[in-house]
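Each remark here refers to the structure printed beneath this line.
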């Protein structure tokens, strides 16, 4: 067995809501004794469609030694437990997750394997819009700064920053997903100007230390506000939950928490104040 990405469940945080089980097309999770449990390692493909559906942050994707994902065994398991509808969901997820042997999976029972973009995890659904703008130089030509950066600190990754760093003092903080600055050209102007920032991905990072570390940072009472900037895809909801936990763990009752949601095309969809 070799290291690979696979789900881990913190049973203390799991409240047994079952949302993760519904989100898992592979049938890798079951509710046992009121807690979500991994049925079998070989049923989990490690893509984490379930992570963003968990309201308590009990699920994370970690990299550890585990038996490899077995699509054929998973398909048989899904057929027995969920029937044709479940097989169709599995087919969609297989296409979305880009299995390395798509040619061998043209059918799941009598269900045709759909192409990318047909459904499944919204975070991995393929979208493409042709740009009408002409290409610009990317090989060093042009000005040093075509668009000025508003970033005034380094590092930015939550794994690398540490509590007590002077970059956080007397500034509002932004907890930013890594897709936002790619989707929206406004992120620097709208969110980073005059603020500190930490960046994290709830789906692809090892998030196990994030809430505790962020809580230690936010315990600095000179930080007046924290804003989460997330994408509209479900898996990004984990970023909100991590930050909500951190605010609670910080012991502060005076710290406002705002959540801003961006569409995958970079539009500002909504702003919410969390209590």
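Here, each number is a calculation from the coordinates, and none is a lab measurement. These numbers come from a predicted model, not from an experiment. Reconstructed Cβ throughout: ideal geometry from the backbone, glycine too, with neighbour counts over all protein chains shown.
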For this session: Measure off 7 Å from each Cα along the Cα-to-Cβ vector at residue 254 and residue 79, then give the distance between these two points in nanometres to one decimal.
Result: 6.3
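Per 0.36 nm of contour for each residue apart, how much would the distance between residue 185 and residue 267 grow if the chain were fully extended, relative to their Cα-Cα spacing?
Values: separation 82, 0.36 × 82 = 29.52 nm, distance 0.97 nm.
In short, 28.5 nm is gained.
So how do 154-161, 6-13 stack up, highest first, on mean other-Cβ count within 10 Å?
Most protected by this proxy first, the peptides run 6-13, 154-161.
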Seminar exercise, completed: Going from the fewest other Cβ atoms within 10 Å to the most, one would list 196, 263 as 263, 196
Exercise. So what are the three principal axis dimensions of the range 1-93 from its Cα atoms, in whole Å, longest to shortest?
Worked result: 33, 30, 22
For this session: Using only the alpha carbons, work out the radius of gyration and Dmax of the range 30-81 in angstrom.
Result: 12.0, 32
Exercise. Which percent, to the nearest 5, of DSSP beta bridges fully inside the range 180-275 are antiparallel?
Worked result: 50
For this session: Can you tell me how much longer the chain between residue 32 and residue 274 gets when fully stretched, taken as 0.36 nm per residue apart minus their C-alpha distance, in nm with one decimal?
Result: 84.0 nm
